Amino acid sequence: MILEHMGALYKFHDRPLTYLYNTLHYYEARLRDKPLLKKKLVSSILGSLRDIKPPNWALSDQYISYMQNDEATWTPDMDYYASLLSRFVDVVEGKKRFFT
């Protein structure tokens with residue numbers, strides 16, 4: 001409930017992705033069996049930035065579609081990992097820009 005009311009404040013955080021990563025890492029043992037709570041945390045933090053960041057700036061299309069459906073778990077296939085790696089290579093080579 002707190003995330004719903006206070007989630008919009010994350011747009012003022014100077015490093016929202018780092019904060020999200022650290023939070024998920026720190027609470028990993030508690031969140032391991034609670035995928036819906038993890039989805040809520042990710043959507044609250046990154047959703048607060050939708051007005052100031054371009055679409056898909058941090059998440060892949062496949063993950064965004066997973067976030068929008070009611071499935072509790074998702075197991076990505078090898079094509080998903082290949083597309084992530086391709087996206088990473090494009091940013092490193094300067095073909096695309098990762099918006100921080």
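The values are calculated or read from the model by the stated rules, or taken from the named source; none is laboratory data. In this text, all values refer to a predicted model and were calculated from it rather than measured experimentally. Virtual Cβ from ideal backbone geometry, glycine too; neighbours counted across all protein chains shown. Protein only, heavy atoms only, side chains kept; ligands, DNA and RNA dropped before computing areas. Shrake-Rupley method; radii C 1.70, N 1.55, O 1.52, S 1.80 Å.
Computed over the chain, relative contact order equals 31 percent, with contacts defined as Cα pairs under 8 Å that lie 6+ residues apart.
When the Gaussian network model of the chain links Cα atoms closer than 10 Å, the mean-square fluctuations of 36, 17, 85 top out at 85.
Exceedance of the 30 Å cut-off in Cα-Cα distance is limited, within the set 53/95; 40/95; 34/96, to 40/95; 34/96. In this rough spin-label picture, where each label sits 7 Å from Cα along the Cβ direction, the residue 28-residue 85 distance is 2.1 nm.
Taken one residue at a time, the phi angles of the range 22-35 give Karplus couplings (6.51, -1.76, 1.60, θ = phi - 60°) of 4, 5, 5, 5, 5, 9, 4, 5, 7, 8, 3, 9, 10, x Hz. Gly and Pro are set to x. When restricted to Cα atoms, the chain yields an Rg and a Dmax of 14.3, 41 Å, respectively. The calculated 222 nm mean residue ellipticity attributable to helices in the chain amounts to -16000 deg cm²/dmol, summing -39500 (n - 2.57) over DSSP H runs of n ≥ 4 and dividing by all residues. Remark: accessible surface ordering of 75, 18, 23 (largest first) is 75, 18, 23, probe radius 1.4 Å. Annotation: residue 70 carries an accessible surface of approximately 150 Å², with a 1.4 Å probe and no ligand, DNA or RNA atoms counted. Solvent-accessible area of the chain (1.4 angstrom probe, protein heavy atoms only): carbon and sulfur portion equals 57 percent. Within a straight-line Cα-Cα reach of under 12 Å, residue 38 can be paired with the following aspartates and glutamates, leaving aside sequence neighbours fewer than 8 residues apart in one chain: 28. If the chain linking residue 12 and residue 65 were pulled fully straight, counting 0.36 nm for each residue of separation and taking away their Cα-Cα distance, it would gain 16.5 nm.
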